[in-house]
Amino acid sequence: MLRAVEGCPFCRIAGGDSRAKVLFADDDVVAFHDIAPKAPVHLLVIPRRHIASLAEATSEDASLLGKLLLAAAEAARRSGTVDAFRVVANTGARSGQSVFHVHLHVLGGRHLAWPPG
């Protein structure tokens, strides 16, 4: 079930109402290229159903969140970064979350140092 939130840019992408360079999509998730990449490969993976942040996820979201992680790995494979990539989920404004719709950043294509920031 798609539950869209008015004004959410990721809900618009998930619903096909906004343009994005989509890598792949299925009934539950959409993977697409970030419009402001921070690495040579920078993809976003979102659920079609709106969840504002991981802090607001519940046990009812467990299956969908698992699908997001599997989709992140598939996005890495399709982008050619399967051997070295990072998955990031910012939660809350102070962590850098700027779109309040759960999403995973898949970063790769260069050496990723630790700690990240």
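FYI, it's all coordinate maths here, none of it is from the lab. Note that the structure is predicted; figures quoted are calculated from it, not measured. Cβ placement follows ideal geometry from the backbone for every residue including glycine, while neighbour counts extend to all protein chains displayed.
Overview of values
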item	result
Overall form of the range 9-108 per C-alpha gyration tensor (a/c, 1.5; a/b vs b/c)	rounded
Shape call, the range 8-62: gyration tensor on alpha carbons, a/c limit 1.5	prolate
Other-chain or far-sequence residues with amide H under 5 Å of A20's (modelled H)	none
Rounded to the nearest 20 debye, dipole of the chain from Cβ charges on Lys, Arg, Asp, Glu	380
Value at 222 nm in deg cm²/dmol, rounded to 500, when DSSP H runs of n ≥ 4 in the chain each add -39,500 (n - 2.57)	-6500 deg cm²/dmol
Options H42, V88, A75, ranked by Cα towards positive dipole end of the chain, top entry (Cβ charges)	H42
FRET efficiency estimate (nearest 0.05) - Cβ-Cβ, R86 to D17, R0 22 angstrom	0.15
